[in-house]
1. Which ³J(HN,Hα) values in Hz, rounded to whole numbers, follow from the phi angles of the range 74-91 under the Karplus curve 6.51 cos²θ - 1.76 cosθ + 1.60, where θ = phi - 60° and Gly and Pro get x?
2. Kindly provide the helix-only [θ] at 222 nm of the chain, computed as the sum of -39,500 (n - 2.57) over DSSP H runs of four or more divided by all residues, to the nearest 500 deg cm²/dmol?
3. Quick one: which residues, 5+ away or cross-chain, put their amide H under 5 Å from the amide H of GLY223? H built at 1.01 Å from N.
4. Using the Kirkwood formula on the Cα atoms of the chain, what hydrodynamic radius do you get, in angstrom to one decimal?
5. Which of LYS11, LYS133 has the fewest other C-beta atoms within 10 Å, and how do the rest follow up to the most?
6. Along its three principal axes, how long is the range 78-121 when you only count alpha carbons? Whole Å, largest extent first please.
7. Using DSSP to call loops (not H, G, I, E or B), can you name the trypsin sites (Lys or Arg not before Pro) in the range 136-174 whose Cβ has at most 15 other Cβ atoms within 10 angstrom?
8. Would you kindly derive the ³J(HN,Hα) couplings of the range 191-206 from the backbone phi angles with the Karplus curve 6.51 cos²θ - 1.76 cosθ + 1.60 (θ = phi - 60°), listing them in order in whole Hz, with x for Gly and Pro?
Amino acid sequence: MMTEDLTINVKMAEAYEKNTRISVPTYDSLFVMVQSYFRMQLGSKSASLLVIGAGGGSELAAWGPSNPGWTFTGVDPSEEMLKIARHKSAMLGLEDRVSFVQGTIDDLPESDSKFDAASCILVLHFIDDVQEKLKLLRSIKDKLKSGAPFVLVSAYGNLDDSEFQARLDVWKSFWIAGGREPSEVDDMINNNFKKLSLLPEQEIEGLLADSGFTRITRFYSTGIMAGWICHAK
Ligand SMILES: C[S@@+](CC[C@H](N)C(=O)[O-])C[C@H]1O[C@@H](n2cnc3c(N)ncnc32)[C@H](O)[C@@H]1O
């Protein structure tokens, strides 16, 4: 029998799954691309992955079943989002290879061993302050082995710039095609965008370089989002 908690959890998960794919129509392809790159870098040997913003469980579901040698440490401050990830992990039989930390990267237990790869997907724009973004990226770098690949995906741009406004219009069209009224989408923009902290592409690449990442390559762009692959020095 389904508990009330699990019902809420499943409903939340369904809403998250649907809305993320409207906002980012190439969402599933993104995970396929990252998997290809990680596989090429890590080979078929066992590898440890650090997933920052693991709530929702998308990384675990996309990469867990098809890569039996990979173990995952998922970090996320949101208990609700972690519940979804825990549920997915259990449904996919991944529990032996996944551990969760509710909190931020600062809450990871001290360890001598470093990770083979890391991801931070759709998280950075929720972190307000530039110094806090830098601190997070530096902490990720410190937890990685030298040469380890890191994937960052974030909304980006300068809100006052016409280039960003044009991309925002493209993003708006995704929601209208998904069944929302234009006025509803404008409300989402007016209410939600104020809460996001966006940086132009060059500044994001600058933060990655300042954090000790090298070979910084933009490999992905959809609407207001972009993704970079880089490597820990
Ligand atoms: C839009 S969701 C993205 C989740 C997942 N990475 C994906 O792509 O579907 C953003 C997640 O980042 C988490 N988050 C926010 N601040 C964070 C931080 N400082 N460290 C780790 N996760 C954070 C939120 O709780 C939320 O679960």
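1. Taking θ as phi minus 60°, the curve returns x, 10, 6, x, 8, 4, 4, 5, 5, 4, 4, 5, 4, 4, 4, 4, 5, 4 Hz for the range 74-91.
2. On the way: 8 runs with 105 residues, N = 233.
Theoretical 222 nm ellipticity from helices: -14500 deg cm²/dmol.
3. Under 5 Å from the amide H of GLY223 lies no amide H from a residue far enough along the sequence or on another chain.
4. Details: mean 1/r = 0.0543 Å⁻¹.
Hydrodynamic radius (Kirkwood, Cα only) of the chain equals 18.4 Å.
5. Details: LYS11 10, LYS133 23.
In increasing order of surrounding Cβ atoms, one gets LYS11, LYS133.
6. For the range 78-121, the Cα extents along the three principal axes come out at 31, 21, 20 Å.
7. Numbers: sites: ARG138, LYS141, LYS143, LYS145, ARG167, LYS172; in loops: LYS143, LYS145.
Passing sites in the range 136-174 are LYS145.
8. Couplings: 7, 7, 5, 5, 7, 8, 10, 9, 10, x, 3, 4, 5, 5, 5, x Hz.
Any read-out appearing in this document is the output of simple, stated calculations on the displayed coordinates, not a laboratory observation. Please read these numbers as outputs of a predicted model, since none were measured by experiment. Every residue, glycine as well, gets a Cβ built from its backbone with ideal geometry; the counts of neighbours run over all protein chains shown.
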